[in-house]
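Data first, discussion second: the structure below is written as C-alpha cells.
The values are calculated or read from the model by the stated rules, or taken from the named source; none is laboratory data. As the structure is a prediction and not an experimental result, all values here were calculated from the model. Don't worry about glycine lacking a Cβ; one is built from the backbone with ideal geometry, like all the others, and counts go over all protein chains shown. Each accessible area value is taken on the protein alone, full model and side chains, heavy atoms only, with ligands, DNA and RNA left out. Shrake-Rupley method; radii C 1.70, N 1.55, O 1.52, S 1.80 Å.
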Amino acid sequence: MTVPELKINDLRVSVEGKSIVKGFDLNMKGGEIHALMGPNGTGKSTVASALMGHPKYEVTSGQAHLDGQNLFDMAVDERARAGMFLAMQYPSEVSGVSNADFLRTAINGRRGEGNEIPLMKFIKTMDKKMQLLEMDQSFAERYVNEGFSGGEKKRNEILQLMMLEPKFAILDEIDSGLDIDALKWVAKGVNSMRSENFGCLIITHYQRLLNYIKPDFVHIMMNGQIVKTGGPELALQLEKEGYDGMKTELGITDDEKTVEA
Amino acid sequence: MSMQLKKLPFGAEEIIKFAEKRKEPKWFTDTRLKGLGLAEELPLPKPEKTRIADWNFTNFSYQIGSSVVSQLNELPESIQNLMKNGEEAANVLIHVNSSAVYSQLSKELTDQGVIYTDLATAVREHSDLLANYYFKTTSIGKHQLTAMNAALVNGGTFLYIPKNVVIEQPIQAVYYQDAPSSGLVAHTVVVAEQSSSVTFVESYLSDSSVGEGAANLVNEVIVGENAQVKYGAVDEFTDQIVTYVSRQAEVAKDGRIQWALGQMNDGNTLSENATNLEGDGAAADIKAVSIGSGTQKQNFDNYVRHVGKATQSQLLVRAAQKDASNSIFNARTKIEHGASGADGEQTQRVLMLSDDARGDANPILLIDEYDVIAGHAASVGRVDPDQLYYLMSRGIKQELAEKLIVEGFLAPIVDLLPIEGVRRQLTTLIERKVG
Ligand SMILES: Nc1ncnc2c1ncn2[C@@H]1O[C@H](COP(=O)(O)OP(=O)(O)OP(=O)(O)O)[C@@H](O)[C@H]1O
Ligand SMILES: [Mg+2]
C-alpha cells in the first residue's frame, strides 16, 4: 500500500463574499503529524471546513488533492469516503439518532452495500475504543452529541476518528475544553492511530497538546496564509513570544489585514 | 350563508334493515336514526385552513364483513406481522372489513371482570353498560361526520376495566380493510373505572384493493377517578381512503391519560383529538407524530380543555412534510375559569422536506383563569444544514443522512409507544414513508 498524500495548493476561500483564506499551501503524507497554529480569526477553521466541503465556504481558487483525486470535485460524503476526516471545533447535535447507529451507518456507508460490518464486531470495536477514551458505555446509546459537555463532544469526535480510520484527519481545537486527564486520553487515542497510513493536521492554540502528540511540523498561519513552518521548537517559541513577537520577526503588520479585506 | 347539502347515498329503510340483521337493541337503532336525521341537516366540519368540501366522506359501502377465523395464520400477512412477538397476540381483537374475526383475552382478565369485545357484540350483550358511555364524550350532532358515525357504525371495540383492576399486559385492536370501495365506520369505547389502569393500542391498516374508500372513526375514552389509560394508535390507511378520526377523552379527578398517536395515513385525513380534564388533578400527556407525503392533505386538531383545579397537560406534536403534502396542525389549550393551578404546555414542530410541501402549526391558548401556567411553542423549519453536513462529513450519503435526521426528529414520540410490536410497526412505517 502506498503512503497517502494530501496536497493543498494556493487555496483561497471566501465566506459570505469575504475573502478569508488567501493562498494556503500544505503537503502532508501518511505518518506525519502537522500542527497548525495562529491567532483567532486567521482562517484555520475555514481551511478545515473548505477541505471537508462545508456548503458555506466558497473555494475561489486553488487545489486540494487526496492521492491524486481532486477533493473539490467531490461532495462532502465522497470526501469522507475517500479518506478525509474533520474533528470539528463545534460538532453538531443530532437528536433522536444514537451514537452507535450513527457510527454504524457511517462505517457501512464507507464499506459499501453487501460488505457491512458484522454487528458483534462493531460493538466490540466500539467498546474497546470507548474504553481507551474513558467514555462511559452509555454514550453508545445516547443521541449524537445531544447534552454532551464540551469535553465529551471532543472525545466523541476522536471516537469517530478511531472508528472510521481515515487517511487524513484534521483536528480543529480538539484540546479546547478538555481537562488534563481527558487531554491525555484524547492524545492516547490519536497516537494509537499513528501509522504510515494516517496523517494528521492538528489545529491548536496551545503547546500543551503537542507535548502529548509530537508533531513533525509546526505551521504558523496569519491573515489567511501560512507564514512560517518549522519543527516542534516553533510551538515552544510561540508560547514564549506570543504572536506579536512572531509578527515583528516576520515583519507583518496588522494593517495588512484591513487593507486586504 | 347556507351550503348546498348533497343528498346522502343512504336512507332510513336500509339502516333499519342493517340494524335488524345485527340484532341491535332499540336504543341503538334509535341512535342510528337520530344520526341519520342530523347527517342530512348538518354541514361538514370546518377545519381551519383545510378545504375538505370535495373529500369523499360519504360514498362507500358500509355493509361489508368477513368471517371468523380460528387461527392467526389464516389472516392477511400484514396483520400477522403485527403479531410476531406473541406479547401482542395475548389480548387482541382483530377486525377485517369492519367485523371481528379473531379475539383473545386472557382468562385472568376475564375473571377480573374485564370486558373486551367488538362493538356489535357489546351492543347485544352489554347493552345497558355501553349505553352509559356511547356518545358521551362527544355529541352526535357535532357535525355531519359524527352524525354519520352514529347512523352507519359497522365496527368498533368496547373495552371495560372494572374498579381497581390494574392490567400490565397491553390490549390491542387491529382493523384491516381490503373490500373494494369499503368504509370502516367504527366506534370505540374504552372505560377505565376508578383506580384501574390499562394500556390500549389500536392499529388501522388497509390494502390497496380497497381503492377509493373511507374511514369514519369515533373513539371515546372515559378515565375514572385516579385511573390511568395509555392509549396508543397507529393509523396507516392507503392513499385513496379518506379518514375522519376523532379521539376523545374525559378524565375524572386525579385520572391520567397518555395519548401516543402515530398518524401515518397516506390519504386525506381530518383528525380531532380532544381531552377534557374535568376532575381536579386530572392530567393528559399527548404525543403525536405524522408524515405527510404525496399530495395528501391533512388537518390535525389537538385540543385540551382544563376544567378541574391543578389539571396538567403536555402536548407534543412532531411532523415531517414531504413531496407536495399539505398539513395543518392546530394545538388548542383551553383553561376554563375556576381551573386554578392548571398547567398546560404545548409544543408543535414541523420539519419541511420539500419546497412543494406545506405545513402550518397554529398554537392557540385560551385562558380564563389567573393562577395558571401555560406555554406554547410552534415551529416550522427545514433540515438543519449543519446537521446534514456533520453526518455527511462522516461518509453518510445525503439521502441517508436526511433520513436519519427525520427519523431522529420523530423518535422521541415513537420511543414512547407502549407496545414493542407497535413501535416496530411505526418505525418501519416511518422508514418507508421517509425513504
Ligand atoms: N460561517 C461564517 N460566517 C461568517 N463569517 C465567518 C464564518 N466562518 C468564518 N468566518 C469568519 O472568517 C474569519 C476566520 O474564521 P475561522 O473560524 O477560520 O478562524 P480561526 O483561525 O479558526 O479562529 P479561532 O482560532 O478563533 O478558531 C473570522 O473573521 C470569522 O468571523
Ligand atoms: Mg477555529
(Q) Suppose we keep just the DSSP beta bridges with both residues in the protein assembly as shown; what percent of those would be antiparallel, to 5? (A) 20 percent
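Do any GluC sites (Glu not before Pro) in region A:109-218 lie in a loop, going by DSSP, with at most 16 other beta-carbon atoms within 10 Å of their beta carbon, and if so which?
Hits after loop and neighbour filter: A:Glu113, A:Glu116, A:Glu134, A:Glu146, A:Glu196.
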(Q) Using a Cα-Cα cut-off of under 14 Å, which aspartates and glutamates could be cross-linked to A:Lys240, ignoring same-chain neighbours fewer than 8 residues away? (A) A:Glu249
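Is region A:1-79 rounded, prolate or oblate when judged by the Cα gyration tensor, a ≥ b ≥ c being the square roots of its eigenvalues, rounded requiring a/c under 1.5 and prolate requiring a/b larger than b/c?
Working: a/c = 2.03, a/b = 1.34, b/c = 1.51.
Taking the square roots of the gyration eigenvalues as a ≥ b ≥ c, region A:1-79 is oblate.
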Q) Evaluated at 4 °C with a viscosity of 1.567 mPa s, what Stokes-Einstein diffusion coefficient in µm²/s does chain A have when Rh comes from the Kirkwood expression over alpha-carbon pairs? A) 68 µm²/s
Q | Residue list for region B:151-182, given a label point 7 angstrom along the Cα-to-Cβ vector of B:Ala90 and an amide N cut-off under 16 Å | A | B:166-173
Q: Excluding residues fewer than 8 places away in the same chain, name every one of the aspartates and glutamates whose C-alpha is closer than 17 Å to that of B:Lys107.
A: B:Glu87, B:Glu88, B:Glu168
Q. Hey, what's region B:385-435 come to in accessible area per residue, 1.4 Å probe, Å²?
A. 37 Å²
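Starting from 0.36 nm per residue, how many nanometres of slack lie between A:Glu241 and A:Ser138 once their C-alpha separation is accounted for?
That works out to 32.7 nm of additional length.
Under 8 Å for C-alpha pairs, at least 6 residues apart: give me the relative contact order for chain A, rounded to a whole percent. Can you show the working numbers first?
Details: 454 pairs, mean separation 69.6, N = 261.
27 percent.
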Q: Could you work out which residue, out of A:Met74, A:Met135, A:Met120, moves most in a Gaussian network model of chain A, that is, has the largest mean-square fluctuation with Cα springs under 10 Å?
A: A:Met120
Q.
Per 0.36 nm of contour for each residue apart, how much would the distance between B:Thr110 and B:Lys49 grow if the chain were fully extended, relative to their Cα-Cα spacing?
A. 17.3 nm
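May I ask what percent, to the nearest 5, of DSSP beta bridges between residues of chain A are antiparallel?
Working: 27 of 44 bridges.
In chain A, approximately 60 percent of DSSP beta bridges are antiparallel ones.
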Q | Overall dimensions of region B:12-278 as given by Cα atoms, namely Rg and Dmax in Å | A | 17.4, 50
Q | Distance in nm between pseudo-label sites at B:Glu369 and A:Lys184 (7 Å out along the Cβ direction from Cα) | A | 5.8 nm
Q. Looking at region B:73-192, what % of its DSSP beta bridges pair antiparallel, to the nearest 5?
A. 45 percent
Q | Straight-distance crosslink candidates among aspartates and glutamates, where the alpha carbon sits under 13 Å from A:Lys29 and sequence neighbours closer than 8 are dropped | A | A:Glu5, A:Asp67, A:Glu196, A:Asp216
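Need one number: buried accessible surface between chains B and A, 1.4 Å probe, both sides summed, DNA, RNA and ligands left out, in Å² to 100. Walk me through the intermediate numbers first.
On the way: alone 17710 and 12580 Å², together 28260 Å².
Using a 1.4 Å probe, the pair buries roughly 2000 Å².
Taking every residue in A:92-104, how many Cβ atoms of other protein chains lie within 10 Å of its Cβ, on average?
Details: counts 9, 4, 10, 6, 13, 9, 2, 0, 0, 3, 7, 1, 0.
Going residue by residue through A:92-104 and averaging, the value is 5.
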Q | In order through region B:227-242: 3J(HN,Hα) via Karplus (6.51 cos²θ - 1.76 cosθ + 1.60), integer Hz, x for Gly, Pro | A | 8, 10, 10, 9, 10, x, 8, 10, 9, 9, 6, 5, 5, 9, 9, 8
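Taking region B:113-261, how many lysine pairs are there with alpha carbons less than 18 Å apart, if each pair must be eight or more places apart or span two chains? Don't jump to the answer; show the numbers that get you there.
Numbers: B:Lys136/B:Lys253; B:Lys163/B:Lys230; B:Lys163/B:Lys253; B:Lys230/B:Lys253.
Going through region B:113-261 pair by pair, I get 4.
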Q) Is the shape of the protein assembly as shown best called rounded, prolate or oblate, per the rule: a/c under 1.5 gives rounded, else a/b larger than b/c gives prolate, else oblate, with a ≥ b ≥ c the square roots of the Cα gyration tensor eigenvalues? A) prolate
Q. When the helix-only estimate is applied to the protein assembly as shown (DSSP H runs of n ≥ 4, each -39,500 (n - 2.57), divided by the residue count), what is the mean residue ellipticity at 222 nm, nearest 500 deg cm²/dmol?
A. -8500 deg cm²/dmol
